Amino acid sequence: MDTHDTEPVIEIVNLTKRFGRTEALRGINLSVGAGELVALLGPNGAGKSTLIKILDGVYQPDSGSISSRLGERSIGVVHQDLGLVPTMTVAENLFLGFRGRLRHPRAEADATAAALRRVGLQDVSPHALVSALSLGQQAMVAVARTLHRGAQVVVVDEVTAGLHPHEVRWLVDQLRHAASNGATVVMVTHKLREVIDVATRFVVIVDGLVSLDKPAGQVSYDHLVEVLSSGRSLSTEAGTPASSTSDSGEVRCTLTGVWAGAAGPIDLTVRAGMVTALTGPLGSGLHEIAYVVAGLLKPTRGTVDVARGIRRTCVPAHRETEGVFAEETVAFNLTAGAWRHWLGPGGFLRVRRQRRDAQAMAELLSVKTPSLDTKVSTLSGGNQQKTLLGRALVDPPDLLVLCEPTRGVDVATRREIYAQVRRVAAEGTAVLVASTDFEDIAALADRTGVLDNAGTIMRWVERNDLKQLLAEFV
Amino acid sequence: MTAHDTDRVSPERTVESGSGAPGNAGGSDRLVSRESVASIATSLAFVAVFVIFVFWLGGDFYEPKVRMFDISRSAPQLILTIAVVVCLCAQQFDLSVAAVATGGAFITIGLYLDAGLPMGLAIAITVVTGLLAGLINGLLVTKLGVNAFIATLGTTGLFAGLTVVYSDGHVIGPTATTRPLPSWFSGPGSLGDFQNKAPLWLGLLITAALVVALLSSFDQRFVSRTLPAGTRFGILGGVGILLVLGIYWTGLLDAMDYMAVIVFVVALLVWLVLTYTAVGQSVYAVGGSERAATFAGIRTGRVALGTFMFSGALAAVAGVLIAATQGSAAPSVADPLLLPAYAGAFLSTVILSRGRFHIWGAVIGSIALVYITSGLIVGGVHYTWTQVINGLVLIVTVSLSTYLHRRQARH
């Protein structure tokens with residue numbers, strides 16, 4: 001399948017783009033051939049999203065060119081939110097927005113079936129509601145729709161975020177299948193592990209330049225990790241457990257026979273000074289259990305015992321909808337909900353002290369922002385995530401709940417977040433991590449509960465046995 | 001990874017979009033930002049309109065007594081604006097404020113004249129009733145999940161209907177057979193009388209407080225932090241003293257009556273609470289994103305309920321003011337105030353703010369709106385055009401603020 005030496009479908013020459021004083025792209029050169037599955041990797045802020053937005057026609061490049069031998073509209077982008085209408089059928093979604101003719105349901109269904117076959121989705125009915133499909137299938141429907149609209153090159157932008165590892169594996173295999181049927185797929189991801197054995201080519205963008213572009217056969221996993229982390233030391237990869245003794249800390253929260261969301265019955269103990277983790281597929285209800293521990297959700301059944309008078313904070317699973325106040329400043333986002341910490345006389349806030357603490361937290365977590373008064377939505381995803389972690393830590397909690405703490409975050413930021421979480425755990429905070437991402441578990445967990453699809457904990461895995469869990473994930 | 005490593009990461013990476021370079025120096029070293037230019041431009045537009053009026057209508061348009069009278073007679077409208085703005089800050093709508101204000105006027109007058117209660121008690125009961133009306137709205141929205149628009153439209157019918165039932169469609173006020181309203185409440189030399197001026201020290205005190213509030217707002221929003229604190233406070237303090245003296249010089253303070261005093265004091269208190277208390281900040285948090293607020297540990301239902309109760313109580317206060325100025329309660333008396341109240345509230349999104357609702361913007365915007373309509377009327381436009389002007393201003397502001405917002409998002 002090594003088709004990198006065929007005539008290129010798309011040729012990007014010396015593409016540059018700057019925003020104010022920031023050079024997002026400093027001369028990207030890239031050519032992609034037919035039938036390739038290109039993994040486009042790079043840390044946050046490297047310029048990936050700018051490149052995608054230029055390919056998508058959202059931005060105009062400052063200089064350079066994109067030429068395609070298949071014509072203007074041959075590049076299609078599938079975004080993370082997929083852009084499907086969940087309450088409509090697959091066929092309706094494929095033909096949404098086709099103008100100038102009457103609807104012809106049977107012909108549309110046939111065309112849809114053909115489009116689905118092209119991406120290897122034979123067993124999905126054109127008449128199925130999109131909401132009834134799994135997230136992986138939905139992503140492939142979005143790919144099928146893009147191809148159906150005449151695109152020869154599909155750029156798939158971070159669609160695997162939040163998917164269960166099994167589903168990611170399936171999705172990547174489907175994309176490879178679509179590529180072998182003649183389409184060209186460019187898959188943008190943070191997680192190298194997802195694409196390592198499947199992609200036909202690896203392209204790494206660092207600081208607005210292509211720093212690596214090699215066919216799969218000529219590059220190793222270790223080398224890619226090294227390029228991706230821009231030469232930073234890898235010695236901390238394995239991580240050290242927050243505490244060596246698993247059952248010594250004081251109990252901060254106990255769940256007994258708790259049902260919440262799809263999960264239950266769950267028995268769970270969160271102790272001070274150690275990181276307890278939950279992992280499992282997305283639909284298993286692990287986040288709901290985490291929210292119950294954080295006191296944000298009432299369980300449908302079961303009892304929750306929380307140590308008296310403790311402060312609980314939570315970093316929610318969905319940064320955009322549950323996490324940041326997009327229209328507000330970084331300072332507001334760092335301190336929202338923790339105002340009691342700065343309560344002064346007469347119920348008024350000590351704003352100066354509040355600001356100083358926000359500043360200190362931004363520096364501690366190295367949040368990259370022009371100022372504390374910058375709107376948080378203008379920061380990169382990784383920095384928004386660090387802001388949320390900062391909010392959870394600014395008034396030191398006794399119990400910290402983290403859901404998908406590194407979702408959509410690059411390698412370097414990921415390590416910074418891990419370091420901070422391990423630090424607060426070592427200082428005696430009880431930490432609960434609920435994550436579908438195995439790297440989070442491997443880096444943080446002292447003890448991990450593995451949930452199955454039915455939402456029950458199959459077993460508890462101690463830190464020393466994590467290797468065996470890894471084998472299941474990959 | 002050690003803290004040392006974490007620190008080392010910082011200088012190498014850049015923010016992908018946005019104007020700033022990494023580090024604290026970027027972006028904020030400009031004295032004023034793009035968005036503040038837009039909001040200052042809007043404010044200048046109003047000043048321009050004012051200047052045009054002065055030229056068109058002659059110096060008479062600028063007569064402190066008349067200008068202060070405009071504020072005084074629109075006191076109920078301004079109070080309603082504040083009520084509406086607090087709800088909008090939390091992304092809630094309260095359409096029932098006008099009906100609650102009408103009801104408030106009836107309850108005050110009715111309790112005093114028909115039930116024979118002392119006026120102080122009548123006013124207290126009125127405010128509590130407003131609070132309860134807000135509670136009904138709030139419970140409908142937060143507990144039953146009814147859309148705020150529909151819920152408060154429904155309660156508008158309820159409250160307005162009850163006033164009609166109670167009054168049988170007639171104006172209720174003191175007659176020959178009833179006792180008169182207390183002399184401090186209504187009539188010459190009372191709270192509701194424009195000729196009854198507030199003492200100068202009170203005017204100066206309020207002006208000083210307003211100037212401090214405005215300047216500290218300005219300082220937090222627009223002025224660069226790279227200036228040394230001493231210089232900043234020096235400049236702002238100087239400007240503040242000049243402003244107070246300037247306002248004193250205009251003669252507006254001599255013309256200030258108790259209605260205007262009430263408006264400014266209420267605005268100050270609400271601003272203080274919104275800006276400097278946890279309750280106020282949680283109102284903004286709920287308005288920013290209800291889900292995010294939930295996950296930040298804020299009890300969003302209570303905050304929303306609280307804003308409805310607050311706007312209900314404040315609307316009842318507006319009703320008391322109507323009763324005081326008019327000396328009676330008439331059916332639908334506050335209805336025409338709903339549109340200008342919302343127009344003023346939305347003006348705050350383009351005046352002195354970053355596209356969000358803001359007390360000072362709303363108060364200044366509302367006063368400017370009153371001046372525009374009264375200027376046009378003085379200039380010969382028939383007063384029946386007032387509603388048209390208010391409607392136009394509401395549409396133009398909302399379009400403008402949406403447009404500015406979209407442009408900003410694109411950059």
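The values are calculated or read from the model by the stated rules, or taken from the named source; none is laboratory data. These numbers come from a predicted model, not from an experiment. Cβ coordinates were reconstructed from backbone atoms using ideal geometry, including for glycine residues, and neighbour counts include every protein chain displayed. What goes into the accessible areas is simple: the full protein's heavy atoms, side chains included, and nothing from ligands, DNA or RNA. Shrake-Rupley method; radii C 1.70, N 1.55, O 1.52, S 1.80 Å.
Tabulated data for the structure shown
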| item | result |
| --- | --- |
| Rg/Rg_globular for the stretch A:58-187, with Rg_globular taken as 2.2 N^0.38 Å and Rg from C-alpha atoms | 1.06 |
| For A:Gly264, distant residues with modelled amide H under 5 Å away | A:Thr456 |
| Per residue, in Å², the accessible surface of the stretch B:278-411 once ligands and nucleic acids are set aside, probe 1.4 Å | 39 |
| About the Cα centre, charge dipole magnitude for chain A (Lys/Arg +1, Asp/Glu -1 at Cβ), debye | 1240 |
| Label-to-label distance, nm, for residues given as A:Ala307 and A:Asn453 (7 Å Cα→Cβ offset) | 3.9 |
| Stokes-Einstein D (µm²/s) once Rh is taken as the Kirkwood radius of chain B over alpha-carbon pairs, at 4 °C in 1.567 mPa s | 56 |
| Reciprocal of mean inverse Cα separation for the stretch A:8-229 (Kirkwood radius, Å) | 17.9 |
| Fraction of accessible area attributable to carbon and sulfur, the stretch A:8-229 (%, probe 1.4 Å) | 49 |
| Radius of gyration and maximum dimension Dmax of chain A, Cα, Å | 23.5, 74 |
| Length released on extending from A:Val58 to A:Ser74, taking residue separation times 0.36 nm less the Cα-Cα span | 4.2 nm |
| Ellipsoid equivalent to the stretch B:329-385 - semi-axes via the Cα gyration tensor, in Å | 23, 16, 8 |
| Selected from B:Val211, B:Val239, B:Val286 as most flexible by GNM, with chain B as the system and alpha-carbon contacts under 10 Å | B:Val239 |
| At least 50 Å² of accessible area lost relative to the chain alone, listed for the stretch A:11-57 with a 1.4 Å probe | A:Arg21, A:Thr22, A:Gly45 |
| DSSP H segments from chain B that extend 18 Å or more along their own axis, Cα-based, with Kyte-Doolittle mean of 1.6 or above | B:34-57, B:75-89, B:97-113, B:119-142, B:258-276, B:359-378 |
| Choice from B:Tyr284, B:Tyr371, B:Tyr166 with maximal GNM fluctuation in chain B (Cα, 10 Å cutoff) | B:Tyr166 |
| Inter-label distance for B:Val165 and B:Ser183, nm, one decimal - labels placed 7 Å from Cα along Cα-to-Cβ | 3.9 |
| Peptide-level mean, for B:279-287, of C-beta atoms on other protein chains within 10 Å | 4 |
| Per residue, in Å², the accessible surface of the stretch A:329-391 once ligands and nucleic acids are set aside, probe 1.4 Å | 36 |
| Leading residue at positive end of dipole, the stretch A:329-391 (Cβ point charges), from A:Phe348, A:Leu334, A:Ser366 | A:Phe348 |
| Solvent exposure of the stretch A:8-229 as accessible area per residue, Å², 1.4 Å probe | 42 |
| Computed E for A:Ala426/A:Thr87 - FRET, C-beta separation, R0 35 angstrom, nearest 0.05 | 0.15 |
| Cα gyration tensor shape of the stretch B:231-368, rounded if a/c is under 1.5, else prolate or oblate by comparing a/b with b/c | oblate |
| Interface area, A with B, accessible, probe 1.4 Å, both sides summed, Å² nearest 100 | 4300 |
| B:Asp70/A:Ser377 FRET efficiency (R0 41 Å; Cβ-Cβ; nearest 0.05) | 0.55 |
| Positive-end residue of B:Gly120, B:Phe194, B:Phe106, charge dipole of the stretch B:60-203 with Cβ unit charges | B:Gly120 |
| With every protein chain in place, the stretch B:96-195: carbon and sulfur % of accessible area (1.4 Å) | 72 |
| Rounded to 5, percent antiparallel among DSSP beta bridges of the protein assembly as shown | 55 |
| Restraint check, A:Lys17/A:Lys386; A:Lys298/B:Lys143; A:Lys48/A:Lys191; A:Lys48/A:Lys368, Cα-Cα greater than 20 Å | A:Lys17/A:Lys386 |
| Mean separation of Cα contacts under 8 Å (6+ apart) over length of chain B, as relative contact order % | 32 |
| Förster radius 35 Å - calculated FRET efficiency between B:Ala124 and B:Asp60 (Cβ-Cβ, nearest 0.05) | 0.25 |
| Relative contact order (%) - chain A, alpha-carbon pairs under 8 angstrom, separation at least six | 17 |
| Of all accessible heavy-atom area on the stretch A:329-391, the percent that carbon and sulfur account for (1.4 Å) | 53 |
| Listed residues B:Val171, B:Val261, B:Val85, most fluctuating in chain B (Gaussian network, C-alpha, under 10 Å) | B:Val171 |
| The protein assembly as shown: Cα Rg divided by the 2.2 N^0.38 Å rule of thumb | 1.08 |
| Test item: Cα-centred dipole of chain B, Lys/Arg +1 and Asp/Glu -1 on Cβ, debye | 740 |
| Simple Cβ-charge dipole of the protein assembly as shown, Lys/Arg +1 and Asp/Glu -1, about Cα centre, in debye nearest 20 | 1000 |
| Protein-protein interface of the stretch A:312-339, residues with accessible area decrease of at least 20 Å², isolated chain reference, 1.4 Å probe | A:Thr321, A:Glu322, A:Phe325, A:Glu327, A:Glu328, A:Thr329, A:Phe332, A:Gly337, A:Trp339 |
| Size descriptor, Kirkwood hydrodynamic radius, that averages inverse alpha-carbon separations across the stretch A:337-440, Å | 14.7 |
| Cα-based helix-to-principal-axis angle, A:135-148 vs chain A, degrees rounded to 10 | 30 |
| Anchor A:Lys214: aspartates and glutamates whose Cα lies under 18 Å away (excluding residues fewer than 8 positions away in-chain) | A:Asp2, A:Asp5, A:Glu7, A:Glu11, A:Glu36, A:Glu194, A:Asp197, A:Asp222, A:Glu226 |
| Cα shape, the stretch A:329-391, gyration tensor, a/c 1.5 rule | prolate |
